[in-house]
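Below is one structure, written out as structure tokens; the observations come after it.
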Amino acid sequence: MKTTFRRISIATASVLALATTAAPAWSQTKEQYFPLQSYRVGPYAAGGTGFFGGFIDYLQLVNQRDGGVNGVKFTWSECETEYVVEKGVECYERLKKGLNGAPSAATNPLSVGIAYATLERSTADKLPLITINHGRTDSTDGRVFPYAFPLQLNPYSEVSAIVNYIGGKSGGLDKLKGKKIVTLYHGSPYGKETIPVLDILSKKYGFQLTHIEVPHPGNEQQSQWLAIRKEKPDWVILRGWGVMNPVALKNAQKVGFPADHVIGNIWSNSEDDAAPAGDAAKGYISITTHPSGTEFPVLKDIKKVVVDAGKGNLADPKRFGNVYYNLGVVNGILNVEAIRVAQAKYGKRPLSGEEVRWGFENIAIDDARLRELGATGLVQKLKLSCSDHEGGGAVRFQQWDGSKWKLVSDWVQADRALLRPIIEESSTKYAKEKGLTVRDCTKETVALAK
């Protein structure tokens, strides 16, 4: 059976799920399935089309160039969520059991709301839930959340790194005392996620902090920016998403707030966020875990093997190599790497979700592996474990020059030593509320060593 790519409705997915239930054994296929809860319409379509385009193109590259991983090719199907939680849950239930005998590897909804809503389901189903650069922060603690993976950067690490950067720009973290910082955040669980830790950082370093909410989807912000003008902050941290970001930059210009003192978070960092704001975006700074660009060997391979062959997933080829697309490629690299690691333990065959989970927990990407992947400079070094499902916690800062992003910093690390006790306090509380047994990772490490 050849590798397939199709978008399917919820009704069609239901039929596929029933058919999959009847599949007698994985041995009938040499494929690994990715259920894609994607979104290609609505106010957040730019993120969805870019991310899932890059993810799918990387899977296509591995299939075409390498014949899959150890002979196991990848197959996938999409279920349109429109970034709506209820639709995301329906899509999860329809797709979770695999496709035509190919078992599901992991879910990658790229939505905090959908991730929250499917967390307990994916745990019960023993199916990894991948929330690259987002998700609930306490899911970093794999002892409590064995199937959730906020890869690379959780929300607390994100804002910690931003505060560290602002401290560096101010002459040191001790110079933050008395500074004024406003957080302009998306009115959703995602946007509200970092309020508690920012309050902790404010008390620790003595800066004045104001939280200002922007209701979904974010195309009305006049009152918020009038409040910012009255507040006269030194910096604004923009925790936006979709249409909220260019609207924020345009309103900043209207009230006279300098773009180079607005720092966008990981979901306010794409070309699609800056370019629509025109001149108002020039000088704007944001964080990134991965730069845009097409000069990386893995991107060159995708261009040659997939895009030039007319198989690229992007509707607009001009978006090839942009921030959202490259994030999808990075996500593809990490998902495939988890399967490769797990195959080394469980065999060169399609894997269960539980086996793929082990692969994610044992990812260890160093400089040598990055070179082999053709991803040096695109992906940060990453080492996960039973207790650490984030593995990175570092970002770089980039600045919009009016037409493209330019990196303006080396890697800036979050204060993970400060954050870990906060994460464990939250995860332990969750475990008690749910009656969960906290895993003893030392026992798993000893078992692995044997």
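The values are calculated or read from the model by the stated rules, or taken from the named source; none is laboratory data. Keep in mind that this is a model prediction, so the values were computed, not measured. Cβ sites come from the backbone with ideal geometry, for glycine too, and all protein chains shown count toward neighbours. Only protein heavy atoms, including side chains, enter the accessible area calculation; ligands, DNA and RNA are left aside. Shrake-Rupley method; radii C 1.70, N 1.55, O 1.52, S 1.80 Å.
Details
- The residues of the range 300-352 that are under 28 Å from TYR44 (Cβ atoms) and out of contact with any helix residue (DSSP H, G or I) (no Cβ under 9 Å at 6 or more places or on another chain), listed by number, are LYS303, GLY310, LYS318.
- A search for C-beta distances below 6 Å between a residue of the range 303-318 that is more than 14 Å from PHE51 (Cα to Cα) and any residue that is charged (D, E, K, R) and open to solvent by less than 40 Å² (accessible area, probe 1.4 Å), counting only pairs 6+ apart in sequence or on different chains, returns VAL306/ASP57.
- LEU61 fulfils the conditions (1) modelled with pLDDT of 95 or more; (2) in contact with a helix residue (DSSP H, G or I) (Cβ under 7 Å, 6 or more places away or on another chain); (3) part of a helix (DSSP H, G or I); (4) within 24 Å of PRO155 (Cα to Cα) except for a single criterion, (4).
- Criterion violated by THR123 - all others in (1) touching a strand residue (DSSP E or B) at 6+ places or on another chain (Cβ under 8 Å); (2) crowded, with 22+ Cβ neighbours inside 10 Å; (3) more than 16 Å from LEU384 (Cβ to Cβ); (4) not aliphatic (A, V, I, L, M) satisfied: (2)
- Positions within the range 57-73 being in contact with a strand residue (DSSP E or B) (Cβ under 7 Å, 6 or more places away or on another chain) and under 28 Å from TRP241 (Cα atoms), in sequence order: LEU59
- Tally of residues being open to solvent by less than 50 Å² (accessible area, probe 1.4 Å), out of contact with any strand residue (DSSP E or B) (no Cβ under 9 Å at 6 or more places or on another chain) and part of a helix (DSSP H, G or I) across the range 345-363: 3
- Residue selected from the range 380-401 under the condition of a type in the set (D, E, K, R) and either in a loop (DSSP other than H, G, I, E, B) or open to solvent by 30 Å² or more (accessible area, probe 1.4 Å) (or both), by the criterion modelled with the lowest pLDDT: LYS381
- Qualifying residue in the range 202-225 (condition: without any contact (Cβ under 8 Å) to a residue 60 or more places away in the chain, among the β-branched types (Val, Ile, Thr) and in contact with a Gly (Cβ under 9 Å, 6 or more places away or on another chain)): yes
- Every residue from the range 64-94 that is closer than 27 Å to ALA344 by Cβ and open to solvent by less than 10 Å² (accessible area, probe 1.4 Å): GLY68, VAL69, VAL72, PHE74, THR75, TRP76
- Taken over the range 417-435, the residue count meeting the criterion of being out of contact with any strand residue (DSSP E or B) (no Cβ under 9 Å at 6 or more places or on another chain), open to solvent by 60 Å² or more (accessible area, probe 1.4 Å) and either on the phi < 0 side of the Ramachandran plot or not in a loop (DSSP other than H, G, I, E, B) (or both) is 7.
- Residue within the range 103-117 that is over 30 Å from ASN219 (Cα atoms), modelled with pLDDT of 95 or more, crowded, with 24+ Cβ neighbours inside 10 Å and out of contact with any helix residue (DSSP H, G or I) (no Cβ under 7 Å at 6 or more places or on another chain) present: no
- Filtered by the rule that a residue be open to solvent by 30 Å² or more (accessible area, probe 1.4 Å) and under 22 Å from LYS175 (Cα atoms), the range 220-256 gives GLU231, LYS232, ASP234.
- Test result for GLU271, modelled with pLDDT under 95 and of a type in the set (D, E, K, R): no
- Wholly enclosed helices (runs of 4 or more DSSP H) of the range 89-206 bearing at least 1 residues acidic (Asp, Glu): 112-125, 155-169, 195-205
- Of the residues making up the range 265-281, those that are polar (S, T, N, Q) and either in contact (Cβ under 8 Å) with a residue 60 or more places away in the chain or part of a helix (DSSP H, G or I) (or both) are ASN265, ASN269, SER270.
- The numbered conditions (1) open to solvent by 50 Å² or more (accessible area, probe 1.4 Å); (2) within 23 Å of THR288 (Cα to Cα); (3) among the hydrophobic types (A, V, I, L, M, F, W, C) are all true for ILE162 except (1).
- For the range 306-325, residues that are assigned to a helix (DSSP H, G or I) and closer than 28 Å to GLU355 by Cβ total 1.
- Restricting the range 175-201 to residues that are without any contact (Cβ under 8 Å) to a residue 40 or more places away in the chain and open to solvent by less than 20 Å² (accessible area, probe 1.4 Å), the residue that is farthest from VAL243 (Cα to Cα): LEU176
- The condition (being in contact with a Cys (Cβ under 9 Å, 6 or more places away or on another chain), polar (S, T, N, Q) and either modelled with pLDDT under 95 or surrounded by fewer than 17 Cβ atoms within 10 Å (Cβ to Cβ) (or both)) is satisfied by just one residue among SER14, SER38, SER27, SER9: SER9.
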